[in-house]
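A quick write-up on the structure given underneath.
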Amino acid sequence: MMKLEEVKVCVIGLGYVGLPLARLFSTRYKTIGFDMNPARVEALMAGHDATLEVSDELLQEAIREHGFVCTADVEKIRDCNFYVVAVPTPVDENNNPDLSPLYGASETVGKVIGKGDIVVYESTVYPGVTEDECIPVVEKVSGLRYNEDFFAGYSPERINPGDKLHTVEKIKKVTSGSTPEIGKLVNEVYGSVIVAGTHLAPSIKVAEAAKVIENSQRDINIAFVNELSKIFNKLGIDTQDVLEAASTKWNFLPFKPGLVGGHCIGVDPYYLAQCAQRHGYHPEIILAGRRMNDGMGEYVANETVRLMLKKGIQVLGSDILILGFTFKENCPDVRNTKVIDIYKALKEYNLNLTVYDPWANPDIVRHEYGIEVVNELPEGKADAVILAVAHEKFNGLDVVSLAKDKHVIFDVKGFLKKEIVDGRL
């Protein structure tokens, strides 16, 4: 069996998950990062990560001091023996799991994997995907036999985009292997770079299930407080005040209402739900939570219009300013952002919409969503301002000065001073 000093790592997929992990592995092992996008590879080798997950200083240090290399050439990863797949696992327009990135990455692994090598998957999936969907692709392309010629593991990613405190090495890692011996080796490899420690799960399926329920649990809890927000709004009670009071109890879970997007919380429950349905069980709570959270963007839009009408503000042709577009604060990640739901719902009212976000890349937003985002505060005043994302750069922003004398301010995040807002979740 492979020894630690023999490990040569290849991380496939150099996005928000793969790059930080590859950079970390390079401090201990010979590491190559592989990505199908040559432009991405070129930018990384020039020492800059557009996702901002790895600082230029750390990336350049990895290249200079540790020999970290990124490539789009499959032949250059053939000498590796520990392959880590970190590609996205999105859902399609019908919220069905899209495994095509995983199939593609598995084909890549199959082209280069050799006898005795290990492939570890980090992508979020439902239990069984690694061994039932991915491994057969590796076997078919490579001609090798699973658990005889090559082995597998699963170690779910726990990256929190934009979080500079809980970085990859500071988050405890769940690991697993296709045999007990491989599980121990995979655990050792990760444990040698993860300072927060590791947890070796008894099987790949257990590790897959652990990952997919982490975000499903958060999704359901947020859905609960989103529903409370709707109830309390009808009762004329401020939800934030209620949560603050309830949080004085030691075991109250301090979740807050809001938009639930991104590459994990807004996606993972659908993977679990489909898995359950395939096995003849209809998951009522999971899907109810998804319906609640997926409807919050439209709810915010309708509430804003209702408040405008209540104040006698002409809705048709009015000017609306949305502050923030990324799926969460202080990062450029716009994947599965639910701010787009606010935008689309407001568009139905024939309004003039401006989206200001100092973090979002306008070109990426235009390509992914077909709308315009500006990085500088626009001139002119709005009839309504919606604070959708709590960027630190919005701290100290005089939101009232951005609006006309008669206006509506809606605070999605509970970020603004209570006395200046007309509505909030």
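Numerical summary
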quantity	calculated
Qualifying position, being farther than 20 Å from Tyr190 by Cα, in contact with a Pro (Cβ under 6 Å, 6 or more places away or on another chain) and not small (Gly, Ala, Ser), among Pro90, Pro101, Pro97	Pro101
Some residue of the range 264-278 being crowded, with 20+ Cβ neighbours inside 10 Å, in a loop (DSSP other than H, G, I, E, B) and out of contact with any Asp or Glu (no Cβ under 8 Å at 6 or more places or on another chain)	yes
Qualifying residue in the range 325-337 (condition: touching a Gly at 6+ places or on another chain (Cβ under 7 Å), outside any helix (DSSP H, G or I), farther than 21 Å from Pro257 by Cα and in the same structural domain as Pro257 (by TED's automatic domain parsing))	no
Subset of the range 100-125 (residues that are in a loop (DSSP other than H, G, I, E, B), over 16 Å from the mean Cα position of the chain (by Cα) and not small (Gly, Ala, Ser))	Ile113, Lys115, Asp117
Failed item, numbered, when Thr124 is tested on (1) in contact with a Ser or Thr (Cβ under 7 Å, 6 or more places away or on another chain); (2) at pLDDT 95 or above	(2)
Within the range 338-362, tally of residues that are in a loop (DSSP other than H, G, I, E, B), of a type in the set (A, V, I, L, M, F, W, C) and under 23 Å from Gly414 (Cβ atoms)	2
Flag if Tyr299 is aromatic (Phe, Trp, Tyr), surrounded by fewer than 22 Cβ atoms within 10 Å (Cβ to Cβ) and over 23 Å from Val408 (Cα atoms)	no
Residue tally, condition surrounded by fewer than 18 Cβ atoms within 10 Å (Cβ to Cβ), in a helix (DSSP H, G or I) and either hydroxyl-bearing (Ser, Thr, Tyr) or touching a helix residue (DSSP H, G or I) at 6+ places or on another chain (Cβ under 9 Å) (or both), over the range 194-217	2
Residue match in the range 220-234 (condition: assigned to a helix (DSSP H, G or I), surrounded by 17 or more Cβ atoms within 10 Å (Cβ to Cβ) and without any contact (Cβ under 8 Å) to a residue 12 or more places away in the chain)	yes
Close pairs from the range 363-392: first of a type in the set (Val, Ile, Thr), partner in a strand (DSSP E or B), Cβ under 6 Å, at least 6 apart	Val373/Val355; Val374/Tyr356; Val385/Leu321; Val385/Ala403; Val385/Ile409; Ile386/Ile322; Ile386/Phe410
Subset of the range 235-260 that is out of contact with any helix residue (DSSP H, G or I) (no Cβ under 9 Å at 6 or more places or on another chain) and assigned to a loop (DSSP other than H, G, I, E, B) - its residue that is surrounded by the most Cβ atoms within 10 Å (Cβ to Cβ)	Ser247
Restricting the range 362-394 to residues that are in contact with a Ser or Thr (Cβ under 8 Å, 6 or more places away or on another chain) and of a type in the set (Gly, Ala, Ser), the residue that is farthest from Lys338 (Cα to Cα)	Ala382
Members of the range 361-384 that are under 26 Å from the mean Cα position of the chain (by Cα) and hydrophobic (A, V, I, L, M, F, W, C)	Ile364, Val365, Ile371, Val373, Val374
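Results for (1) touching a Phe, Trp or Tyr at 6+ places or on another chain (Cβ under 8 Å); (2) surrounded by fewer than 23 Cβ atoms within 10 Å (Cβ to Cβ); (3) among the β-branched types (Val, Ile, Thr); (4) over 27 Å from Phe150 (Cβ atoms), shown as yes or no for each residue.
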position: Lys8; (1), (2), (3), (4): yes, yes, no, no
position: Thr27; (1), (2), (3), (4): no, yes, yes, no
position: Gly33; (1), (2), (3), (4): yes, no, no, no
position: Glu65; (1), (2), (3), (4): no, yes, no, yes
position: Asp73; (1), (2), (3), (4): no, yes, no, no
position: Tyr103; (1), (2), (3), (4): no, yes, no, no
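For (1) surrounded by fewer than 16 Cβ atoms within 10 Å (Cβ to Cβ); (2) of a type in the set (Asp, Glu); (3) within 16 Å of Gly18 (Cα to Cα), each residue gets a yes or a no:
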{"residue": "Asp49", "(1), (2), (3)": "no, yes, yes"}
{"residue": "Ser55", "(1), (2), (3)": "yes, no, yes"}
{"residue": "Phe82", "(1), (2), (3)": "no, no, yes"}
{"residue": "Val91", "(1), (2), (3)": "no, no, no"}
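The values are calculated or read from the model by the stated rules, or taken from the named source; none is laboratory data. A quick note: this is a predicted structure, and the numbers were derived from the prediction, not measured. In this analysis, Cβ positions are derived from the backbone assuming ideal geometry, glycine residues included, and neighbour counts consider all displayed protein chains.
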